[in-house]
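S.K.: Let me give you the structure first, and then I'll get to my questions.
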Amino acid sequence: MRTLRSLVALFLCCLLPGACTLQRPAEPPAVIAPPSAAAEVHSVQPLAQGDAIAAAASALVGKPYHFGGADQGGFDCSGLAVFVHERVGLMIPRTAAEQQRAAHPVPAAQILPGDLLFFRMRKHGIDHVGIYLGESRFVHAPHAGVPVTTAELDSGYYARHFIGAGRFWEQNPPP
């Protein structure tokens with residue numbers, strides 16, 4: 001858990017311009033103004049929340065598959081989605097079908113890291129879910145015998161079974 005928090009904190013730190021710079025300024029500034037109240041950050045920004053979901057999912061690659069699992073001892077696909085959303089303070093339904101029904105639909109052209117991808121692998125209903133990472137990659141717990149892994153959404157197999165995407169974090173929350 002400490003490692004996951006450290007990874008998320010490092011990831012969020014690198015999002016800030018200049019936060020991870022390797023060079024020092026030639027001269028220190030003469031006067032450093034105190035931060036204004038408007039500059040204070042009180043909560044995780046929405047896009048950062050999606051990125052945090054994606055980072056949490058990436059950190060679980062290699063964990064074992066376990067039917068009905070939703071903890072570090074092992075995951076099924078929907079348990080993985082529940083676990084990573086809980087890491088950022090979001091409670092979501094337990095099954096892939098329930099997650100798809102409850103999520104805010106996202107058009108394919110607007111999918112962002114942290115969004116859920118829903119699949120129909122059999123003849124009826126939503127029965128698989130993954131967490132989008134960006135650049136057509138996603139994390140999922142495929143099936144027994146295969147650990148949590150990444151896959152390519154644009155691959156023939158997953159593209160044929162892809163039904164749609166959904167989001168539980170807010171991209172543009174009310175002020």
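S.K.: Within a Cβ distance under 15 Å of residue 64, other residues only, what is the Lys/Arg minus Asp/Glu net charge?
M.R.: Working: positive: 63; negative: 71, 76.
It works out to a net charge of -1.
S.K.: Under the Karplus relation 6.51 cos²θ - 1.76 cosθ + 1.60, θ = phi - 60°, what is the ordered set of whole-Hz ³J(HN,Hα) values for the range 109-119, x standing for Gly and Pro?
M.R.: Ordered by residue, 3J(HN,Hα) equals 6, 10, 5, 10, x, x, 6, 8, 10, 10, 10 Hz.
S.K.: With Cβ to Cβ distances under 12 Å as the rule, what net charge do the other residues near residue 79 carry (K, R +1; D, E -1)? Could the numbers behind the result be given before it?
M.R.: On the way: positive: 63, 94; negative: 71, 76, 86.
Net charge around residue 79: -1.
Coordinate-derived values only; no laboratory data. From a predicted model like this one, the values you see are computed outputs, not experimental measurements. Here Cβ is always computed from backbone atoms with ideal geometry, including for glycine, and neighbour counts include all displayed protein chains.
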